[in-house]
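Structure, as structure tokens:
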Amino acid sequence: MIAMVALACGESTGVEPLTLGELVGTWRATAIEVTNQLDTSLEEDLFASGVRWRMTVDLSGAFAVELSNSFGADSYAGTVTIVADSLVLTSAETNPTRVPMHYTFQSPVLTVAWAGTEQCGSYGWRAAQCPIPVIFRMTLEKE
């Protein structure tokens, strides 16, 4: 699974604020990209590489995510809350992970970004600092 950490969020640049009611339903990623923060010229198109991501949200704020790539599939669940310009996904694990995702929303497209890390050698990247700090960006459309 991809390691994720908090992303500092500033003012929302989204055209529309997002409500939990608008978030209810199933969202499928149509683009997934990762950028190396140590060298921003290094980017990887994860969607083109076969990574797929799908999230279903219900009215209580519960979410379920299905993630797949060439290595297999994974799923996780938890709760989602909307705080200012961030969706905060909190996993339902014993030691919950909180992942704030800065969002912009222009119905019906939701774009999210969050900070994380990748192992040295991921995507053929080499770095003096390991793990490598990265920014993930995803474009989601409602099914």
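Coordinate-derived values only; no laboratory data. What you see is a predicted model; the values in this text were computed from it and never measured.
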Inset, instruction - Specify the residue with the greatest mean-square fluctuation among 125, 114, 27, computed from a Gaussian network of the chain linking alpha-carbon atoms under 10 Å apart. - result: 125
Inset, instruction - Would you mind calculating the relative contact order of the range 3-142 from Cα pairs under 8 angstrom and at least 6 residues apart, reporting the percent as a whole number? - result: 31
Inset, instruction - Assuming 1.567 mPa s and 4 °C, estimate D for the chain with Stokes-Einstein, Rh taken as the Kirkwood radius over Cα pairs, in µm²/s. - result: 83
Legend entry - the range 54-138 - Rg and Dmax from Cα coordinates, angstrom: 14.6, 45
